[in-house]
Amino acid sequence: MTEEPSTALNITDRTSPAVAVVDAQSPGNVGTIARAMKNFGFEELLLVDPPELDPDGEAYGFAGHAREDVLPGADEISFESLVENYHTVGCTAVTNEDDSSHVRFPYTTPADLADRLPSVEASTALVFGRERVGLTNEELARIDEICSIPANADYPVLNLGQAATITLYELRTLTLGDETQLPDIERVRAPEPTLERFYDQWAALLEEINHPKEKREKTMRMVRRVFGRADLTEREANTLLGLLRRATERPADE
């Protein structure tokens, strides 16, 4: 972990927000946050009054592959420098319900923040507070905007590591775009002629099982609606078509 320089921070223009953790008590939570950063493409970790991060301790043990770059590259920074040099987004579970107080209001959700932050040209920092009490009102009063995760009203408070992981997941498009481990495979609906053969086979099956004639039209309409919503691929349609053919033929039990 590098120490804060005595001169003003040299902050480069970034589209990816930094992640700042204020006064974390548990090295393990710092490691968990670093790991979440690695998962979702965030690189810059800022620590305000951090615990000791022993390379053989909890922080590095919880960090996964982030122990190789995100965690050792973390910068220790004062809260003063944080609010002076970054556009800050304070993350809190407790919000004001209306505009009678602006300490924790107005607020946005992480999902909404993902849509808005690309328009912010300044270097941005997502700020997370302490494990038990989060960010204080005094700290939040100096932060530019508030973010809160929608949760159960009876128990909205999340573990520090959980809150950071959820927030970074929602903001992953700022760092990863569409480049994740999930293959970009377009789902293509089966051609209409294939689907028509599929429906014809359904009709043949209804006839084979002696489904009441007066109900067949309604049943076929339901079948079309159900599978129409499913957007079967060609492989799915052909597989089900084969099953229907075998069912229609009613093969003898082996």
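When each of Leu135, Leu126 is tested for being within 18 Å of the chain's Cα centre (by Cα) and either β-branched (Val, Ile, Thr) or modelled with pLDDT of 85 or more (or both), the lone residue that passes is Leu126. Test Thr95 against the criterion of being at pLDDT below 90, of a type in the set (S, T, N, Q), surrounded by 13 or more Cβ atoms within 10 Å (Cβ to Cβ) and in contact with a helix residue (DSSP H, G or I) (Cβ under 9 Å, 6 or more places away or on another chain), and give yes or no. Judged against the criteria, Thr95 is not a match.
For the structure I just gave you, tell me whether Thr108 is in contact with a strand residue (DSSP E or B) (Cβ under 7 Å, 6 or more places away or on another chain), at pLDDT below 95 and over 20 Å from Thr173 (Cα atoms). So Thr108 fails the test.
Table: residues versus (1) crowded, with 16+ Cβ neighbours inside 10 Å; (2) of a type in the set (S, T, N, Q); (3) farther than 30 Å from Glu131 by Cα.
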residue	(1), (2), (3)
Asn152	no, yes, no
Leu160	yes, no, no
Leu176	no, no, no
Phe198	yes, no, yes
Thr219	no, yes, yes
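Residues in the range 198-254 that are more than 27 Å from Arg187 (Cα to Cα), among the polar types (S, T, N, Q) and not in a loop (DSSP other than H, G, I, E, B): Thr219, Thr248. Evaluated against (1) at pLDDT below 90; (2) part of a loop (DSSP other than H, G, I, E, B), Arg142 falls short on exactly one condition, (1). Listed by first and then second residue, the pairs linking a residue in the range 64-81 that is over 17 Å from Asp23 (Cβ atoms) to a residue that is among the hydrophobic types (A, V, I, L, M, F, W, C), with Cβ atoms under 6 Å apart and 6 or more places separating them unless they lie on different chains, are Ala66/Ala34; Val70/Ala34; Val70/Met37; Val70/Leu45; Leu71/Ala34; Leu71/Ala63.
The values are calculated or read from the model by the stated rules, or taken from the named source; none is laboratory data. Only a predicted model underlies this, so the values are computations on that prediction, with no experimental measurement involved. Reconstructed Cβ throughout: ideal geometry from the backbone, glycine too, with neighbour counts over all protein chains shown.
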